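J.: Below is the structure I would like to discuss, written out as structure tokens.
The values are calculated or read from the model by the stated rules, or taken from the named source; none is laboratory data. Everything numeric here is computed off the predicted structure, so don't read it as measured data. Counting neighbours? That spans all protein chains shown, and the Cβs are built from the backbone with ideal geometry, glycine included. For the accessible areas, the whole protein counts, side chains as well, though only heavy atoms, and no ligand, DNA or RNA atoms are used. Shrake-Rupley method; radii C 1.70, N 1.55, O 1.52, S 1.80 Å.
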Amino acid sequence: MVSKVRSMGLLGVSGYEVSVECFLSGGLPAFDVVGLPDAAVREARERVRAAAKTGGFQFPMRRITVNLAPADTRKEGALYDLPILLGLLNAHGDIPAPPTDSVFLGELSLEGVLRPVYGALPMTLGAARLGVKRIYLPKGNAKEASLADGIEIYPASHYREILDHLSGKAKLQPATPWQPPTAGAGMAPDFSEVRGQESVKRALEIAAAGGHNILMSGPPGAGKSMLARRIPGILPAMTREEMLQCIEIHSVACLLGDNRLPFFTRPFRAPHHTISPVGLSGGGAMPRPGEISLAHNGVLFLDELPEYDRTALEALRQPMEDGAVTIARVAGTLTYPAMFMLVCAMNPCRCGWYGHPSRHCRCDARSLASYRSRVSGPLLDRIDIQVDIPSVDFESLSGKYPAEPSSAVQARVEAARDRQRRRFGDNTLCNARLSPAQMDACCELDARAKRLLKEAFERLELTARAYGRVLRVARSIADLEGAEHIEAAHIAEAVQYRSLDRKIP
């Protein structure tokens, strides 16, 4: 007899259906799992055997073959324990056939307790797209899975609870759709805690308004990291769709738990400069999202930018343009979303004091050029805003004047983003993602602004990409002011944010 139980699998951050087929035949007792299982799936044999016996069932002493279809797609994780057990019990005649309009997934302990699995939300969303009516999974995944619409979620602590529910002995209660609370005060560091640096705050506000990448260059202790960690607090609040995307990625990366759910603010990822290219972009033997995907819809902060591995930094170039990263392996190709705002910080030189009015810099011109050359020109070209940060003076640090809170800055950023959405609809969420055709439509310049941009283009020797970046930043400045057209003042301020395009004396 062949028994079939519906389950799900993961390809990247998308769920697909897996049919668990169980067959009992004569011959010497054996338990084979086929269909490209990894080690965790193959070890399900012992977990299923122990869970069946501790649950009061007699394990069939026959030749058992379990096929996970489609057989040409690699299966990973322990989520197939539950459907394999249900299939074997049905094939042995212990329980009726599981309903065909439901899917089952969950890891089993030796006592039959259901343990949470990773990727529950993307698999639940995939099941809903397939028209599945119900999904049975561990109670630890209930909150995450209940975010999906159009499907009933039945969480259980033990597989016997599912059997009792299917037989009608004791009904399980479906999980109520979980409603994430709105973000409140204190969930992110506030801009009011930053003393001084008003010009840098202005640059960060422009970057947040248009979703622009930004690089802050300044001496040690100037507040670069402190400012960067407050950027999520001024970015627009996440929509439900954006929140689901973030939870999907973190679920696949095995980083979700009740303490990390939900995302009250946008993700902020700050990997150490020793991170490998695979850790940054994603991949591995069993591909997982990297830091650039974990920062999707949020901020990726790279502190001490020149200290990062050159190969890792160059891996950022394509995702910064496309908003996604493609990982190609022999077994297949996966694409992870990577629509992030890149925020970088670096010292002006190796000792950190180049250009400081009172500290003496120990670097010569050759050392300075060598230090800055650790960040390639093509990568700098993709950073829209490059701003120098001065040291904070004593008066700013000791003053008691009230600083502007993040909520006030966020309100202006929200208003600028609303203008961008009204201008282009939902196809373009921010100015940093404008296509050339959209730039032609909304970035027209008058004679004075065009003359100023031409002078800057020639004097700074800007590339064609940097020219487009200046226009996009100028469009964001105009949106913050509520201006319909880009004026010369907007161009002048945008050009000022290309500090590293100036030649080193």
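J.: Can you tell me which residue in segment 456-491 is nearest to residue 379 (Cα to Cα), limited to those that are surrounded by fewer than 23 Cβ atoms within 10 Å (Cβ to Cβ) and among the hydroxyl-bearing types (Ser, Thr, Tyr)?
T.: The extreme case among them is 463.
J.: Now for a separate question. Against the conditions (1) surrounded by fewer than 16 Cβ atoms within 10 Å (Cβ to Cβ); (2) in contact (Cβ under 8 Å) with a residue 60 or more places away in the chain; (3) in a helix (DSSP H, G or I), where does residue 286 fall short? Just the number, please.
T.: (3)
J.: Of the residues 454, 400, 450, which is assigned to a loop (DSSP other than H, G, I, E, B) and of a type outside the set (Gly, Ala, Ser)?
T.: Values: 454 fails: assigned to a loop (DSSP other than H, G, I, E, B); 450 fails: assigned to a loop (DSSP other than H, G, I, E, B).
Only one candidate qualifies: 400.
J.: Could you please tell me which pairs satisfy a Cβ distance under 7 Å, a separation of 6+ or placement on different chains, a first residue in segment 48-62 that is of a type in the set (Val, Ile, Thr), and a second residue that is crowded, with 17+ Cβ neighbours inside 10 Å and in a helix (DSSP H, G or I)?
T.: What qualifies is 48/81; 48/84; 48/85; 48/88.
J.: Looking at residue 4, is it surrounded by 17 or more Cβ atoms within 10 Å (Cβ to Cβ), within 15 Å of residue 107 (Cα to Cα) and among the basic types (Lys, Arg)?
T.: no
J.: For segment 324-336, give me each residue that is surrounded by 14 or more Cβ atoms within 10 Å (Cβ to Cβ) and not polar (S, T, N, Q).
T.: Across segment 324-336, the qualifying residues are 324, 325, 327, 334, 336.
J.: Of all residues in segment 1-45, count the ones that are on the phi < 0 side of the Ramachandran plot and either free of Cβ contacts under 8 Å to residues at least 12 places away in the same chain or of a type in the set (Gly, Ala, Ser) (or both).
T.: Count: 13.
J.: Then there is this: I'd like the full set of residues that are closer than 22 Å to residue 131 by Cβ and crowded, with 19+ Cβ neighbours inside 10 Å, limited to segment 76-109.
T.: Residues satisfying the conditions are 79, 80, 82, 83, 86, 87, 98, 102, 103, 104, 105, 106.
J.: Taking residue 321 as the residue in question, decide whether it is surrounded by fewer than 20 Cβ atoms within 10 Å (Cβ to Cβ), of a type in the set (D, E, K, R) and part of a helix (DSSP H, G or I). Don't jump to the end; show me each part of the working.
T.: Values: surrounded by fewer than 20 Cβ atoms within 10 Å (Cβ to Cβ): yes; of a type in the set (D, E, K, R): yes; part of a helix (DSSP H, G or I): yes.
Here the answer is yes, as residue 321 does meet what is asked.
J.: A further question follows. Quick one: in segment 435-455, which of the residues that are in contact (Cβ under 8 Å) with a residue 40 or more places away in the chain and aliphatic (A, V, I, L, M) is most open to solvent (accessible area, probe 1.4 Å)?
T.: It comes out as 452.
J.: So how many residues does segment 7-60 have that are open to solvent by less than 10 Å² (accessible area, probe 1.4 Å) and within 15 Å of residue 82 (Cβ to Cβ)?
T.: Here the count works out to 11.
J.: Determine the pairs where a residue that is under 19 Å from residue 393 (Cα atoms), located within segment 353-366, has a partner that is of a type in the set (Lys, Arg) and modelled with pLDDT of 75 or more with Cβ atoms under 9 Å apart, the partner being 6 or more residues away or on another chain.
T.: 353/359; 353/362
J.: What's the number of the only condition in (1) in a loop (DSSP other than H, G, I, E, B); (2) open to solvent by 20 Å² or more (accessible area, probe 1.4 Å) that residue 408 fails to meet?
T.: Tallying (1) in a loop (DSSP other than H, G, I, E, B); (2) open to solvent by 20 Å² or more (accessible area, probe 1.4 Å), residue 408 fails exactly one: (1).
J.: Looking at the structure I just gave you, is residue 413 β-branched (Val, Ile, Thr) and under 30 Å from residue 467 (Cβ atoms)?
T.: Answer is yes for this residue.
J.: Identify all residues within segment 197-229 that are assigned to a loop (DSSP other than H, G, I, E, B), under 22 Å from the mean Cα position of the chain (by Cα) and buried (at least 21 other Cβ atoms within 10 Å of the Cβ); write none if there are none. Reasoning before the result, please.
T.: So the first thing to find is which residues in segment 197-229 are assigned to a loop (DSSP other than H, G, I, E, B), and the list is 197, 211-213, 218-223, 229.
Next cut, under 22 Å from the mean Cα position of the chain (by Cα) only: 211-213, 229.
If the condition is that a residue be assigned to a loop (DSSP other than H, G, I, E, B), under 22 Å from the mean Cα position of the chain (by Cα) and buried (at least 21 other Cβ atoms within 10 Å of the Cβ), then 211, 212, 213 are the ones that fit.
J.: Report whether or not residue 157 is out of contact with any Cys (no Cβ under 8 Å at 6 or more places or on another chain), surrounded by fewer than 18 Cβ atoms within 10 Å (Cβ to Cβ) and under 30 Å from residue 53 (Cβ atoms).
T.: For residue 157, the condition - out of contact with any Cys (no Cβ under 8 Å at 6 or more places or on another chain), surrounded by fewer than 18 Cβ atoms within 10 Å (Cβ to Cβ) and under 30 Å from residue 53 (Cβ atoms) - is met.
J.: Could you list, in sequence order, all residues of segment 304-318 that are open to solvent by 10 Å² or more (accessible area, probe 1.4 Å) and not in a loop (DSSP other than H, G, I, E, B)?
T.: Answer for segment 304-318, where residues must be open to solvent by 10 Å² or more (accessible area, probe 1.4 Å) and not in a loop (DSSP other than H, G, I, E, B): 307, 310, 311, 314, 317, 318.
J.: Would you mention how many residues in segment 110-124 are of a type in the set (A, V, I, L, M) and open to solvent by 30 Å² or more (accessible area, probe 1.4 Å)?
T.: Here the count works out to 2.
J.: Another one. Of the residues 268, 264, 301, which is at pLDDT 90 or above and either loosely packed, with under 15 Cβ neighbours inside 10 Å or under 29 Å from residue 146 (Cβ atoms) (or both)?
T.: Only one candidate passes the filter, namely 268.
J.: Somewhere in segment 348-371, is a residue farther than 20 Å from residue 231 by Cα, of a type outside the set (Phe, Trp, Tyr), open to solvent by less than 50 Å² (accessible area, probe 1.4 Å) and touching a strand residue (DSSP E or B) at 6+ places or on another chain (Cβ under 7 Å)?
T.: yes
J.: Let me ask something additional. Quickly run through segment 160-187 and pick out the residues that are among the small types (Gly, Ala, Ser), modelled with pLDDT of 90 or more, surrounded by fewer than 14 Cβ atoms within 10 Å (Cβ to Cβ) and on the phi < 0 side of the Ramachandran plot.
T.: Result: 167, 170.
The rows are residues; the columns are (1) open to solvent by less than 40 Å² (accessible area, probe 1.4 Å); (2) at pLDDT 90 or above; (3) farther than 28 Å from residue 406 by Cα.
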{"position": "234", "(1), (2), (3)": "yes, yes, no"}
{"position": "247", "(1), (2), (3)": "yes, no, no"}
{"position": "253", "(1), (2), (3)": "yes, no, yes"}
{"position": "259", "(1), (2), (3)": "no, no, no"}
{"position": "272", "(1), (2), (3)": "no, yes, no"}
{"position": "276", "(1), (2), (3)": "no, yes, yes"}
{"position": "279", "(1), (2), (3)": "yes, yes, yes"}
